[in-house]
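S.K.: Pasting a structure below so you can have a look.
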Amino acid sequence: MKMTVIGCGYLGAVHAACMASLGHDVVGIDVDRQKVRALCAGKAPFHEPGLEEMLAQETAAGRLRFTAEPTPRDLAGAGIHFITVGTPQSDDGGAADLSHLMGAVDMIVELLDPTERTVVVGKSTVPVGTAHTVEERLAGTGAALAWNPEFLREGYAVEDTLRPSRLVYGLSADADSAFRGRDALDEAYRPILDAGTPVIVDSFSTAELVKVAANSFLATKISFINAMAEICDATGADVTMLAQALGHDERIGRRALGAGIGFGGGCLPKDIRAFVARAEELNKGESVAFLREVDAINTRGRTRAVAAAEAALGGSVTGKTITVLGASFKPDTDDVRDSPALDVASRLHERGANVRVTDPIALTNAAIDKPHLTMVEDLHAALTDADLVFLATEWSQFVDMDPADIGPLVRTRTIVDGRNALDREAWNAAGWTHVGLGR
């Protein structure tokens, strides 16, 4: 099947490579020429396990190519045009910025041959109601529209694309468009469907809401355990043991009950804010008002972490050398968007600390995002003569460190475990003071 993938950022590059690996003929389209050059060379412009190998293989095989100058010929004969552009938070509020999405739609309208009766599929995360607007813009092009949200986890994106937990099809109210949309998606995903992946089929609105509802629920779960960590600090309870007890309840589960400095990245923060903004536009702001508190708890976790560092250093970090372990918002990615790790590092810097940030792969992006911070590639160099170590991202390289081995490097054996990921007893036994959030 020939297809295009419009927007080759995190979602689009992964989707294009995975579709090519299924045997499809894929053209990736993006306005960023530098990114396109890297992709054409089989190089991933960001870190995602398994992606670069797949890009190199599929571009070499001729099933995958990229362009920054699409022509009608690039779109001709394609059964599906996937829209995978970003929908970032707007500069003037919490609402989603749909300019990239609408720009992609306008490009399709301009280049599409109306006699081909192709299918356009939105995968971008959008406010509910967006698909209807897109369908109106496509009127007269002969294209049917479907909405097919993604559920990728950074660090597992290739796996999540090829072996998803479910596929969701949002189809048009027009019967012919709905039939064409489902038929094209079934053809594109045939190997995945043959593997037994469940499919949920409903309206545009349901498909649009599924993604933001899923992210909102996950954000709520993370903020819930961090709210419990605040109560644990006030009562002497241990939030990690609390999470362990809660996790045995099959209605709750243990995943996403890791208390600490909270969530970040390019999805959860902006998606819950956009959800609130859209609900308010629908005069239903009260229905999701709790998400404002979810967001506030998340931000408060960073404030509490800085306070824990100050307390561990006698009330002030001024003039102290602090090593922050981690720059990415979570392990196995170089994504630093809304990174709690960098936020905490910046706050410590603003309070007068000499902050060193180290990370296995994210320092280049971190230096661009926070040029005022000192980035140190070598872990031992970053730890040398530190007055305090702060675990901000639970990379295995950090979690698996031997506290006895690194003890002689630091000036003071004090570590703030911002992810509650370390073996507290082992660190204490090695002469460290272990400070956990909610412990």
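S.K.: Could you go through the range 232-246 in sequence order and give the Karplus-derived ³J(HN,Hα) for each residue, using 6.51 cos²θ - 1.76 cosθ + 1.60 with θ = phi - 60°, rounded to whole Hz, and x for Gly and Pro?
M.R.: 4, 4, 7, 10, x, 7, 10, 5, 5, 6, 4, 5, 4, 5, 5
S.K.: For the range 322-361, which trypsin sites (Lys or Arg not before Pro) are both in a DSSP coil and crowded by at most 12 other Cβ atoms within 10 Å?
M.R.: none
S.K.: Can you give the net charge of the other residues whose Cβ lies under 15 Å from the Cβ of residue 234, counting K and R as +1 and D and E as -1?
M.R.: 0
S.K.: Tell me the per residue accessible area of the range 82-231 using a 1.4 Å probe; a whole number in Å² is fine.
M.R.: 41 Å²
S.K.: At 1.4 Å probe size, with the rest of the protein present, what percent of the exposed accessible area of the range 57-181 is carbon and sulfur atoms?
M.R.: Ligands and nucleic acids excluded, carbon and sulfur give 50 percent.
S.K.: Something else: What's the longest piece of the chain with no exposed GluC sites (Glu not before Pro), counting a site as exposed if DSSP puts it in a loop and it has at most 13 other beta carbons within 10 Å? If you can, show how the numbers build up before the last one.
M.R.: Working: sites that count: 250, 377.
The longest such stretch corresponds to 1-249.
S.K.: When a/c reaches 1.5 or more, the comparison of a/b and b/c decides; with that in mind, is the range 1-133 rounded, prolate or oblate per its Cα gyration tensor?
M.R.: Values: a/c = 1.88, a/b = 1.21, b/c = 1.56.
Since a/c reaches 1.5 but b/c is at least a/b, the shape of the range 1-133 is classed as oblate.
S.K.: Same structure, new question: Show me the trypsin sites (Lys or Arg not before Pro) within the range 275-333 that DSSP assigns to loop and that have at most 16 other Cβ atoms within 10 Å of their Cβ. Walk me through the numbers on the way to the answer.
M.R.: On the way: sites: 278, 284, 292, 300, 302, 304, 320; in loops: 284, 320.
Taking the range 275-333 and a limit of 16 other Cβ atoms within 10 Å, the loop trypsin sites (Lys or Arg not before Pro) found are 284.
S.K.: Under 10 Å, Cα contacts only: if you run a Gaussian network model on the chain, which one of 50, 12, 264 comes out with the highest mean-square fluctuation?
M.R.: The residue that fluctuates most here is 50.
S.K.: Can you list the trypsin sites (Lys or Arg not before Pro) in the range 174-270 that are in a DSSP coil and have 10 or fewer other beta carbons within 10 angstrom?
M.R.: Those satisfying the criteria are 251, 255.
S.K.: State the extension gain, in nm to one decimal, for the chain segment bounded by residue 233 and residue 369, taking 0.36 nm per residue of separation less the distance between their alpha-carbons.
M.R.: The residue 233-residue 369 span can extend by a further 45.7 nm.
S.K.: While we're on this one: Note the direction-averaged projected area, equal to a quarter of the hull surface, for the Cα convex hull of the chain, in nm².
M.R.: About 22.0 nm², averaged over all directions.
S.K.: What does the charge add up to near residue 97, with Lys and Arg as +1, Asp and Glu as -1, over the other residues with Cβ less than 11 Å from its Cβ?
M.R.: -1
S.K.: Hey, another quick one. Say R0 is 41 Å: what FRET efficiency, to the nearest 0.05, do residue 404 and residue 34 get from their beta-carbon distance?
M.R.: Between residue 404 and residue 34 the formula returns 0.35.
S.K.: Give, in nm to one decimal, the length gained when the segment between residue 202 and residue 296 is fully stretched (0.36 nm per residue of separation minus the Cα-Cα distance).
M.R.: Length difference between fully extended and current span is 30.5 nm.
S.K.: Next up: How big is the dipole moment of the chain about its Cα centre under a simple scheme where the beta carbon of each Lys and Arg is +1, that of each Asp and Glu is -1, and everything else is neutral? Debye, nearest 20, please.
M.R.: On the way: 42 positive and 61 negative charges, 94 e Å.
Computed about the Cα centre, the dipole is about 460 debye.
S.K.: To the nearest 20 debye, what is the magnitude of the charge dipole of the range 1-137 about its Cα centre, counting +1 on the Cβ of each Lys and Arg and -1 on the Cβ of each Asp and Glu?
M.R.: Dipole magnitude for the range 1-137 comes out near 420 debye.
The values are calculated or read from the model by the stated rules, or taken from the named source; none is laboratory data. Model, not experiment: these values are computed from the prediction. We place every Cβ from the backbone using ideal geometry, glycine too, and count neighbours over all the protein chains shown. Quick note on the areas: whole protein, heavy atoms, side chains included, nothing else; ligands and nucleic acids left out. Shrake-Rupley method; radii C 1.70, N 1.55, O 1.52, S 1.80 Å.
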